[in-house]
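Only the coordinates and a few stated rules stand behind these numbers; no lab work does. Just so you know, these numbers come straight off a predicted model, no measurement behind them. Cβ placement follows ideal geometry from the backbone for every residue including glycine, while neighbour counts extend to all protein chains displayed.
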Amino acid sequence: MNASPASAEDPVLVRDQGSVRVITLNRPHALNSFTLPMHHALRAALSDAAGAASVRCVVITGAGRGFCAGQDLAELTDPSAPPVGDLVAEHYKPLALQVSRMPVPVLAAVNGVAAGAGANLALGCDLVIAAESASFVQAFSKIGLVPDCGGTWLLPRLVGRAASLGLALTGEKLTAVRAREIGLIWQCVPDAELMPAALALAERLAAMPVKALAATRRAIDAAQGLDLEAALTEEGRLQAELAAAHDCREGMAAFLAKRPPVFTDR
Ligand code: T3D
């Protein structure tokens, strides 16, 4: 396992395990809540992962007992802090878009509480795997805000209007077990198995044709705003693009030759 030069003070830690890039939010004393330095570090880590040919899957997790408690409320109440709307436009919106446009699959390994923008950062990842003791809180209503970091777009798509409004209006804490039951997340595992399970899943995805996986995410997200005919047209466009790429030819050749495929496109 490689590790980048990092100090315990860095708001984000980055390490590689083979072709999996693990990004750890690292402000455990404040449940990894977002400050401006953490925004900058996370965006830079995602850009670096997107640009590194050796990286074929990204895992985002949190240090300590939390995943991410959303905006650091102490920073927000500092008189020198930017206005709330500016933070959304300049940080949460670009972050959510960046995650949704990564050229490789992105997993959230939710190790503890995920609240506010922290919950929606996790939910915006392609797959969410959570420890049994983790939880999800749409904390915004308790402080007079609306869900951000993609929450209003993601929640109804994941769990429908009734559950979205239930979660967003009450701000109740949802256990990871219940989140799995209602389809908010992909998987829930015993605490001790979280990172082994997340890394095993990430390694499995990294060995797959990741260009096609990223295109699948794009197609599924885009189809939510299309009628059937337009979605079918978009599928045809993407299929033509992918069929001409190396990985599709390799997948078919490997199948016919009864050998394991080696996917390299990104
Ligand atoms: O543009 C904009 O800025 C608007 C954008 C908003 C995006 C958002 O994310 S708004 C939502 C912000 N987040 C919250 O409102 C969540 C606040 N936190 C909580 O409700 C609770 O801490 C949790 C439910 C997440 C966890 O509860 P619990 O009991 O497990 O932990 P705790 O004791 O409350 O927190 C532990 C420590 O973390 C504590 O510090 P201390 O007392 O040990 O020194 C607490 O103050 C700190 N902490 C937790 N969340 C935040 C935080 N510090 C700053 N900001 C936080 N969001």
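Take the residues of region 93-115 that are under 19 Å from Cys188 (Cβ atoms) and of a type in the set (Val, Ile, Thr): which is surrounded by the most Cβ atoms within 10 Å (Cβ to Cβ)?
Val110
Cβ-Cβ below 8 Å, separation at least six or inter-chain, first residue in region 75-98 and among the small types (Gly, Ala, Ser), second within 9 Å of the ligand (Cβ to nearest atom) and not in a helix (DSSP H, G or I): which pairs?
Ala96/Cys149
Looking only at region 74-89, count how many residues are assigned to a helix (DSSP H, G or I) and surrounded by 14 or more Cβ atoms within 10 Å (Cβ to Cβ).
Number of matching residues: 4.
Within region 108-144, which residues are within 12 Å of the ligand (Cβ to nearest atom) and among the acidic types (Asp, Glu)?
none
Could you tell me which of the residues Ala163, Ala96 is within 16 Å of the ligand (Cβ to nearest atom) and among the small types (Gly, Ala, Ser)?
Just one listed residue meets the conditions, Ala96.
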